[in-house]
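The structure appears below as structure tokens.
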Amino acid sequence: MPTATPPPAVPPSAVPAAGPSGLPGAAPAAAAAPPARPSGAVRRSAPAATAPLMAVTGTTLVLAAAPARQQRPARTARPTRAPGPYRRLFALPGTRGFTTGNLIARLPMGMFGISAVMMIAGQRGSYALAGGVVAAGLAATAVVAPWTARLVDRHGQARVAVPATLIAVLGSLSLVACVRTEAPAWTLFASYAATATTPNIGGMSRARWTHLLKGDPAAHHTAMSFEQAADELAFMLGPVVAAFLCTAVFPEAGTLAGAALLLTGMLVFTAHRATEPPAAAPVRGKSPLRSLGRLLPLFFVLGTMFGSLEITSVAHLGGHGLGALSGPVIALQAAGSCLAGLLYGTLRPRGLPACLAVLAGAMALPWAAAATGSVPALAAALLAAGTATAPVMVTAMSRIHAAIPPGRLNEGMTLAVTAIFAGISVGSATAGSAIDHLGTTAPYALPAAAALLALLLGGSRGPKRQEG
């Protein structure tokens with residue numbers, strides 16, 4: 001009888017097969033047959049390893065390892081898209097809540113002035129009286145606003161902003177009552193002056209971002225860009241909403257709606273206490289007025305640029321019989337600045353001299369477009385000029401953060417806003433006088449010259465960060 005010798009490829013587990021008679025050479029099918037499955041047994045999934053292969057060579061049963069089952073390649077997970085800078089910004093707890101209140105309270109900043117002018121002029125028939133009341137209110141704001149901001153820094157936003165807002169709202173309601181009852185003119189001045197206690201909502205919102213984003217300059221840059229876009233949105237939509245309410249509803253509707261929005265937004269904003277920066281102890285050292293150095297003159301010059309450009313554009317369009325297009329055309333400048341601010345927040349911040357150089361070039365475009373007499377060219381030039389203003393304002397505001405200690409940050413930003421408003425007043429008056437003597441095209445040289453002067457003032461290196 002031949003001997004059963006396994007070939008070299010046989011694994012150690014190979015054994016000779018035996019049939020029913022116990023002799024080699026039994027039928028392979030009988031050897032390979034699996035045991036019968038019990039009735040009612042649950043079928044389980046096959047194991048990962050398959051049964052070995054069997055073959056008969058002569059009188060020897062050969063067991064060979066089964067080939068490995070080919071595994072399907074695992075599906076590679078799709079790379080998750082990183083969230084954008086604004087999505088990361090508003091993923092922080094509490095930021096959406098205080099930003100909602102911020103936007104509601106900021107819209108009236110572009111409504112109060114034009115609402116007061118339309119209400120007083122419509123009821124009293126005097127634009128001179130209306131302009132005088134608004135001018136007096138701006139002068140009062142220049143004096144009162146920095147003190148209100150200092151109290152906010154010292155005692156906290158909620159403790160100061162809410163009472164200050166209530167005083168401002170009462171001033172607006174008093175103005176409406178005095179106009180409706182034909183009270184003496186001095187009561188209009190006194191009522192509107194009371195609105196000077198309105199807190200700087202933009203400064204308080206920026207202070208919250210600065211508190212939340214310590215140690216993250218990229219996110220802080222994005223937040224400051226968003227705040228600048230919000231400023232432009234308010235001053236773009238505010239006058240439109242106010243004019244619609246005063247003309248389509250009743251003359252006092254703009255002032256009343258602005259007061260309601262201001263109070264509502266401020267209550268929502270201050271209700272989010274978790275994001276509020278802590279009240280700061282008195283800070284020794286230079287006052288923000290001295291710390292800002294050449295920044296305040298820079299903001300004043302930028303204000304003259306804004307004021308002269310707006311008045312000149314209104315006069316130029318009116319001189320061509322297109323006064324009805326003044327609002328939409330000028331709104332293009334604010335729209336361009338708003339969009340540029342949002343885009344700038346996603347990019348690496350640039351230096352202030354570079355931003356001012358671009359602004360100086362862009363402010364020459366409206367002058368060149370006005371010389372052609374083409375309204376579409378002027379609209380495109382104003383849009384381009386607007387896109388150049390947002391990076392300048394964001395970068396200049398960042399210099400304020402570097403020059404002012406955290407404990408007086410809101411006061412410093414309020415001083416900057418006050419300088420801008422003062423510059424707007426001077427620029428508007430200067431442009432108006434130039435229009436009367438030189439026509440409506442030559443005064444476009446004023447915003448271009450102001451942009452060049454701003455480049456000279458802001459071309460130096462920024463100040464070092466002061467600690468509180």
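The values are calculated or read from the model by the stated rules, or taken from the named source; none is laboratory data. From a predicted model like this one, the values you see are computed outputs, not experimental measurements. Ligands, DNA and RNA are stripped out before the accessible areas are found, and what is left, the full protein with its side chains, is counted by its heavy atoms. Shrake-Rupley method; radii C 1.70, N 1.55, O 1.52, S 1.80 Å.
At a glance:
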| read-out | value |
| --- | --- |
| Whole-Hz ³J(HN,Hα) from phi, Karplus 6.51 cos²θ - 1.76 cosθ + 1.60, for region 88-104, glycine and proline x | 5, 5, 8, 7, 5, x, x, 6, 5, x, 6, 5, 4, x, 4, 5, 5 |
| Accessible area of M236 in the full protein assembly, 1.4 Å probe (Å², nearest 10) | 40 Å² |
| Phi-based couplings in Hz for region 175-187 (Karplus 6.51, -1.76, 1.60; Gly and Pro marked x) | 4, 4, 5, 5, 5, 5, 8, 6, 5, x, 4, 5, 5 |
| Percent carbon-and-sulfur accessible area, region 177-262, ignoring ligands, DNA and RNA, probe 1.4 Å | 71 percent |
| Under-5 Å amide H pairs with G156, H placed in peptide plane, nonlocal only | A280 |
